[in-house]
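Structure first, commentary second.
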Amino acid sequence: MSVDWLAALLKDQPVAAAPKAGWKLFEVACEGHAAYGGGHIPGAQYLDTRQFEQLPFWNKVPDAALLCVLQQAGMGPDTSVILYGVNLLAAARVAHLLLVAGVQDVRLLDGGMAAWRAAGHALQGREPQTSPPGCYADLALAQPVRRVARPEYLIDTAQAKAHLARADAALVSIRTRAEYQGETSGYSYITARGEIRGALWGHAGSDGDVNSMGSFQDALGRMKPAAEIAALWREAGIGPEMQIAFYCGTGWRASLAFFYAWLMGWERISVYDGGWFEWSSDPAHPVICRMR
C-alpha cells in the first residue's frame, strides 16, 4: 500500500481496497523501541522481530508461541494488518510469518518509513511502548497445542534438501552477488562463505549491504513493477510453475522476495527458514564457493 493511501486511511477518507473494520497498524523493528518512541506513524503499535524468531539460527518460534504473540497483539485470521518499518525487511519477515500463521489480509507499506518521511507525512512520538515478552515454549506448554494455518509457506532444512532433488523445485538465493560467489558471508556472525550447491540466484541488492533489495525496489525503496521482477527471475530460470523456496542468510530478504511473489500471484512459494546460516553450520551439507 502507498503512503498516500495510508495517510488517507488514517484521516478516515475513502480508499480503494479498504481494510476490514478493526484493522491494525504496526511498526516492526529489531530492538527498535527507542526509535519507535521518538517518532512513528500515528496510531501504529510496535512489534519486535525477537518475538517471532529464536536462536541459534533466528528461525521462527514454535507454532504455539507464534500464535500467542499474535493473540497478545490483538490479531486473528480475519484481522487486516498493515506493517512498516525503518528497515522494511523487518516488516517483511513478520508479514511472512503472519501469513504462515493464517492471517489472511497482510499488507506492507510500500517504501516503509523512508517513503512516509519523504512524502512529508506527520509522525507521532511518545515514550516507547513496552513490547509483549513473547510466548516461548515454557508459556506455550500451558496452552492447548495449536498449529499454524499455512505451514507450507515455510520449510526446514530437510525439506530444503528435498527441493534440491526435485526437477520441478528450486531453492532461490536472495543474496548479493558477492555472497552468492563466496566473496563474503554477508554477516558478522556467519563465518562460512559460499552458497548451497544447486541453488539458483534470485538477486538481492548492493554488495556489502544485506539490507539492500535494489534488484526489486526503486530508489525510494518501493516495489518495482511485477513484470520487471518476473523477468529478472525468469532470466535466472525461476518461474511460478516451479515449487520455489526463497532463502537468504537468516530470512529477512527471503521474506520480502516471498511477499513480492505472493503479491504477484505465485502460489507454490515458501521461505527456507534456516537459510545460509543453518545450512552452512553443518559441514556435511553440499556447498559451492565460486571464489576458490
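Restricting attention to the range 227-240, the residues that are over 30 Å from residue 283 (Cβ atoms) and loosely packed, with under 15 Cβ neighbours inside 10 Å add up to 6. Looking at the structure I just gave you, is residue 193 in contact with a Cys (Cβ under 9 Å, 6 or more places away or on another chain) and surrounded by 16 or more Cβ atoms within 10 Å (Cβ to Cβ)? It is true that residue 193 is in contact with a Cys (Cβ under 9 Å, 6 or more places away or on another chain) and surrounded by 16 or more Cβ atoms within 10 Å (Cβ to Cβ).
Has the range 123-139 got any residue that is at pLDDT 95 or above, assigned to a loop (DSSP other than H, G, I, E, B) and surrounded by 22 or more Cβ atoms within 10 Å (Cβ to Cβ)? No, that holds for no residue.
The sole residue among 206, 185, 212 that is surrounded by 15 or more Cβ atoms within 10 Å (Cβ to Cβ), assigned to a loop (DSSP other than H, G, I, E, B) and within 19 Å of the chain's Cα centre (by Cα) is 212. When you look at residue 229, is it among the hydrophobic types (A, V, I, L, M, F, W, C) and either part of a strand (DSSP E or B) or out of contact with any Leu (no Cβ under 8 Å at 6 or more places or on another chain) (or both), yes or no? It is true that residue 229 is among the hydrophobic types (A, V, I, L, M, F, W, C) and either part of a strand (DSSP E or B) or out of contact with any Leu (no Cβ under 8 Å at 6 or more places or on another chain) (or both). Check whether at least one residue in the range 30-50 is out of contact with any strand residue (DSSP E or B) (no Cβ under 8 Å at 6 or more places or on another chain) and more than 25 Å from residue 125 (Cα to Cα), and report yes or no. No; the residues of the range 30-50 include none that is out of contact with any strand residue (DSSP E or B) (no Cβ under 8 Å at 6 or more places or on another chain) and more than 25 Å from residue 125 (Cα to Cα).
Scanning the range 150-184 for residues that are in contact with a helix residue (DSSP H, G or I) (Cβ under 8 Å, 6 or more places away or on another chain) and of a type in the set (Gly, Ala, Ser) yields 160, 169, 170, 173.
For the range 247-292, taking the residues that are closer than 16 Å to residue 226 by Cα and free of Cβ contacts under 8 Å to residues at least 60 places away in the same chain, the one that is surrounded by the fewest Cβ atoms within 10 Å (Cβ to Cβ) is identified as 265.
The values are calculated or read from the model by the stated rules, or taken from the named source; none is laboratory data. Every value quoted in this text rests on a predicted model; they were computed, and no experiment measured them. Glycine gets a Cβ as well: all are built from the backbone with ideal geometry, and neighbour counts include every protein chain shown.
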